[in-house]
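The values are calculated or read from the model by the stated rules, or taken from the named source; none is laboratory data. Just so it is clear, the structure is predicted and the values come from calculations on it, not from any experiment. Reconstructed Cβ throughout: ideal geometry from the backbone, glycine too, with neighbour counts over all protein chains shown. Only protein heavy atoms, including side chains, enter the accessible area calculation; ligands, DNA and RNA are left aside. Shrake-Rupley method; radii C 1.70, N 1.55, O 1.52, S 1.80 Å.
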Amino acid sequence: MALQPQQALSTVFQRFSQLSPGRKLGVAVGLAAALALIVGLVLWSRAPEYRVLFSNLSERDGGAVIATLQQMNVPYRTEAGGAILVPADQVYDLRFRLASQGLPRGGAVGFELMDAAKLGMTQFQEQVAYQRALEGELARTIQSLAPVESARVHLAIPKPSVFVREQQKPTASVLVNLYAGRSLDPAQVSAIVHLVSSSVPNLTPSGVTVVDQSGNLLTGRAEAAGAQGLNASQLDYLRQVEDYYARRIEAIVTPIVGEGNVRAEVRADLDFSHSEFTSETYKPNPTPDAQAIRSQQSIEESSTGGGQAAGVPGAFSNQPPGLASAPLNAPAGANAGPAVEQAGSNTVSSRRESTVNYELDRTIRHVREPLGRLKRLSVAVVINYRIQSGEGGQAEVRPLSPQELDQINGLVREAMGYNQERGDTVNVVNVAFTAAKAEEMALPLWKDPEIVSMAKELLKSLLIFGLAFYLVFGVLRPLLRDLVRPPEAAATPAGPSVTVEEVEPTAETLPPSPAESYEEKLRQVKEFAKQNPKLTADIIKQWMTQP
């Protein structure tokens, strides 16, 4: 018969009071240790996973971040190397909230340094504070680049002089600390150089030096790459042109030969040089009908001679007059004047001039070549053999016919815009592809992040469950069972109500001797139960009805 909770509790206290002081202390210590272990396991299972919020922080930045986390009531941990850990579910949220407050500052101060201006600062101190603030702002800006972990900027700004000949240009030095496995390409180095030079007055790009944490001079490498070959943007444009033509060729040939049975490679020769020229040409003199009149002038002169002297003064014109002759019939009373007629006085002259100016046939042409002009294309196309079903349903590999190759060759030429004058070349080859079975390297289970995380959580849960199971069933249960068990339960199996007269003569073998082993005792009890089933049932019934 099961005990009630109140009876069990009173029995526990009664049994506990009957124990010796040493056993009481041991039971109390065991219960306390078990409870403490259970509580610790529960708290450990509920404890959040910590991840790195920031690492490699300076002492000033680390102190500022910790002070801010304490104000936010956020739990944190610190590790060697300036790393600060917070709960994993709050990492990104805290980074955004701290970034809004300008943390971490990366060891560089910006223009907030000018907010703490002190009274009585000299002009030199103000200039130094401004230069420090400018250096810090530039360092922060450079750190925003993806490959840059940290940066430092040093500005050498000379003191201005009133003499023109003694004026010096400022210079700048930039030290970048890159992340592991990252590097800056020449375009990014040029961007840093122009960023710094544009932020300081009178600073030219040639006066900026960029060095990485290994002491490599990056500005010299970028200038050499720009002077000897193509820059990053030109290389990207070249790859885009080649990929564009390759995709066009594969797109037009794939429907004929099938998916995965054609490979096209294109090599483009581009001209990135800047060139422009002007030409002026004159054509030979054309016919007057085909010419345009620019201007035309006509002059006409005519004269008729009279009684007056005319001509050019001289010996020929200075001649005496001829003999006078009187008319035979003159009117009466009329003044008889001399009637003289000069020989050669009736002269007539005429002159005509005409001037026509025609336009010159001139052609002026100004040509500027485009940047990245396509000079030549070289195309190589590989086509797989055709797979056909042969006799017996087996697949057979056969080459393409010459007519099909000619058709594909023509399509490739049209797709690429073949120009013979430009020197383009096309080579189409029909071969059997080698079927290489590329076995994917399966990622080991112990390297898969998801599986590792699941395994950690599973092991953590199993460990907690195992320890709790052991504490409950291996420590607490036996201890409580001994305390709750009534005193009668510890009696002999025969029970107090069983008399000797009720036992058959064969029951003398039931009480075993103390020297016998457990197996022998168990064998005797089983034998007694077989021989006396009724008596055994009565004994069990009495045990069950015992209060």
Answer yes or no as to whether residue 206 is free of Cβ contacts under 8 Å to residues at least 60 places away in the same chain, at negative phi and open to solvent by less than 50 Å² (accessible area, probe 1.4 Å).
-> no
For region 231-256, which residues satisfy the criterion of being surrounded by 14 or more Cβ atoms within 10 Å (Cβ to Cβ), modelled with pLDDT of 90 or more and of a type in the set (A, V, I, L, M)?
-> 241, 246, 249, 252, 253, 256
Failed item in (1) modelled with pLDDT of 90 or more; (2) part of a loop (DSSP other than H, G, I, E, B); (3) open to solvent by 80 Å² or more (accessible area, probe 1.4 Å), with residue 400 passing the rest = (3)
Residues of region 259-291 classified as farther than 30 Å from residue 425 by Cα and at pLDDT below 75, total = 10
With respect to residue 108, determine if the residue is at pLDDT below 85, assigned to a helix (DSSP H, G or I) and under 28 Å from residue 182 (Cα atoms).
-> no
Unmet criterion (only one of (1) over 26 Å from residue 242 (Cβ atoms); (2) open to solvent by 90 Å² or more (accessible area, probe 1.4 Å)) for residue 414 = (1)
Being aliphatic (A, V, I, L, M), under 59 Å from the mean Cα position of the chain (by Cα) and either open to solvent by less than 50 Å² (accessible area, probe 1.4 Å) or modelled with pLDDT of 70 or more (or both), is that true of even one residue in region 12-31?
-> yes
Scan region 405-423 for residues that are part of a helix (DSSP H, G or I) and not β-branched (Val, Ile, Thr) and report the count.
-> 10
Check every one of the strands (runs of 3 or more DSSP E) wholly within region 346-396 and list those with 1 or more residues that are under 30 Å from residue 259 (Cβ atoms).
-> 373-383, 386-389
Restricting to region 260-287, what's the tally of residues that are part of a loop (DSSP other than H, G, I, E, B) and open to solvent by less than 70 Å² (accessible area, probe 1.4 Å)?
-> 6
From the residues in region 131-158 that are in a strand (DSSP E or B) and open to solvent by 60 Å² or more (accessible area, probe 1.4 Å), which one is nearest to residue 199 (Cα to Cα)?
-> 154
Being of a type in the set (Ser, Thr, Tyr) and more than 29 Å from residue 220 (Cα to Cα) narrows 171, 122, 141 down to just 122
Cβ pairs under 6 Å, 6+ apart, first in region 521-547 and among the aromatic types (Phe, Trp, Tyr), second surrounded by 15 or more Cβ atoms within 10 Å (Cβ to Cβ) = 528/510
Residue pairs qualifying under the 7 Å Cβ cut-off, at least six apart or on distinct chains, with the first in region 460-478 being open to solvent by less than 60 Å² (accessible area, probe 1.4 Å) and the second being among the small types (Gly, Ala, Ser), are 460/45; 464/45; 471/34; 475/30; 475/34; 476/34
Within region 193-202, restricting to residues that are in contact (Cβ under 8 Å) with a residue 40 or more places away in the chain and either under 12 Å from residue 170 (Cα atoms) or assigned to a strand (DSSP E or B) (or both), the one that is most open to solvent (accessible area, probe 1.4 Å) is 199
Residue that is farthest from residue 140 (Cα to Cα) [pool: residues in region 47-58 that are in a strand (DSSP E or B) and either open to solvent by less than 40 Å² (accessible area, probe 1.4 Å) or not aromatic (Phe, Trp, Tyr) (or both)] = 51
Give region 59-105 a look and list any residue that's in contact with a Ser or Thr (Cβ under 8 Å, 6 or more places away or on another chain), outside any helix (DSSP H, G or I) and modelled with pLDDT of 85 or more, or say none.
-> 84, 85
Checking residue 184 against (1) buried (at least 19 other Cβ atoms within 10 Å of the Cβ); (2) touching a helix residue (DSSP H, G or I) at 6+ places or on another chain (Cβ under 8 Å); (3) in a helix (DSSP H, G or I), which test does it fail?
-> (3)
When the residues of region 165-181 are filtered to those that are of a type in the set (A, V, I, L, M) and open to solvent by less than 60 Å² (accessible area, probe 1.4 Å), which remaining residue is modelled with the lowest pLDDT?
-> 178
